[in-house]
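The values are calculated or read from the model by the stated rules, or taken from the named source; none is laboratory data. Note that the coordinates shown come from a computational prediction; the quantities given were computed from them, not determined experimentally. Quick reminder, even Gly has a Cβ in these numbers, built from the backbone with ideal geometry, and neighbours come from all protein chains shown.
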Amino acid sequence: MGTRIDVDDLRRRDLRGANLAGADLRGANLAGLDLRRADLSGADLRGADVSGADLGDANLSGVAARGAKFHRARLVSADLTGADLTATNLTATDLSGACLGGATLLHAILATADLGGADLAGADLRHAVLVGARLETACLRGARLDGAILGRTEPRAAAVDGTDPARPPRPGGRRPGRRGDGGTGRKKGR
């Protein structure tokens with residue numbers, strides 16, 4: 001268990017780039033804080049309120065955030081590799097470009113979340129709510145989606161097999177334009 005942090009003290013400090021690795025922040029009110037580029041790896045955020053906080057480019061790998069609230073938080077390009085986000089509220093959260101490889105999002109609420117370009121390879125999204133979530137160019141290879149509620153979500157552009165979803169395969173498995181030649185096999189100018 002990490003060191004218990006005085007949240008009132010945190011509110012008085014500039015937390016951009018702060019080292020809070022392994023910190024005990026259970027039940028803390030971190031709503032609206034600027035934690036860009038902060039290191040929260042291995043921190044305990046169970047039951048914390050991180051709503052509206054800016055965690056862009058932050059390291060949250062291995063964080064325990066079961067039951068936390070990240071409503072409308074900004075986690076652009078954040079590292080959440082192996083994070084436990086079970087039953088976490090991520091409604092309307094911006095997770096574009098985030099790395100959630102191997103993360104546990106069991107029963108998480110990701111309604112209207114932006115997961116564009118996010119890496120969810122191997123993530124556990126069983127029974128997660130993804131209604132209205134943006135999944136364009138997200139990587140879902142090996143992700144578990146059994147029982148997930150997709151609703152209006154449009155995963156058609158999400159890569160579930162490691163291929164480029166915007167380029168349908170040609171007969172024989174080749175995808176057009178993969179060599180930068182428009183699929184012709186010829187160099188430009190020939």
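Please go through region 52-101 and give me each residue that is at positive phi and under 10 Å from the mean Cα position of the chain (by Cα), ordered by number. Break it down into steps so the answer makes sense when it comes.
Of region 52-101, the ones at positive phi are 52, 57, 62, 67, 72, 77, 82, 87, 92, 97.
Across region 52-101, the qualifying residues are Ser77, Gly97.
Would you call Thr81 surrounded by fewer than 23 Cβ atoms within 10 Å (Cβ to Cβ) and over 21 Å from Glu136 (Cα atoms)? Taking the combined requirement at face value, the residue does not satisfy it. Quick one: in region 1-12, of everything that is in a loop (DSSP other than H, G, I, E, B) and closer than 20 Å to Ala78 by Cβ, which residue is modelled with the lowest pLDDT? Ranking the qualifying residues of region 1-12, first place goes to Gly2.
Report whether or not Arg66 is in contact (Cβ under 8 Å) with a residue 12 or more places away in the chain, basic (Lys, Arg) and within 21 Å of Leu135 (Cβ to Cβ).
On the way: in contact (Cβ under 8 Å) with a residue 12 or more places away in the chain: yes; basic (Lys, Arg): yes; within 21 Å of Leu135 (Cβ to Cβ): no.
In short, no.
The residue list Leu40, Leu55, Leu30 contains one member that is buried (at least 21 other Cβ atoms within 10 Å of the Cβ), over 21 Å from Leu140 (Cβ atoms) and in contact with a helix residue (DSSP H, G or I) (Cβ under 8 Å, 6 or more places away or on another chain), which is Leu30.
Just for region 131-141: of the residues that are within 15 Å of the chain's Cα centre (by Cα) and of a type outside the set (Asp, Glu), which one is nearest to Ala87 (Cα to Cα)?
Step one: list which residues in region 131-141 are within 15 Å of the chain's Cα centre (by Cα), which gives 133-141.
Applying the additional criterion that residues be of a type outside the set (Asp, Glu) yields 133-135, 137-141.
Working: Ala133: 16, Arg134: 19, Leu135: 20, Thr137: 25, Ala138: 21, Cys139: 21, Leu140: 19, Arg141: 22 Å.
Among residues in region 131-141 that are within 15 Å of the chain's Cα centre (by Cα) and of a type outside the set (Asp, Glu), the one nearest to Ala87 (Cα to Cα) is Ala133.
Being touching a Phe, Trp or Tyr at 6+ places or on another chain (Cβ under 7 Å) and either hydrophobic (A, V, I, L, M, F, W, C) or in a strand (DSSP E or B) (or both) is the filter here, so list the residues in region 71-115 that pass it. The answer is Asn89, Leu90. The residues listed here are Gly32, Gly42; of these, the one that is within 26 Å of Arg13 (Cα to Cα), in contact (Cβ under 8 Å) with a residue 24 or more places away in the chain and either of a type in the set (A, V, I, L, M, F, W, C) or assigned to a loop (DSSP other than H, G, I, E, B) (or both) is Gly42.
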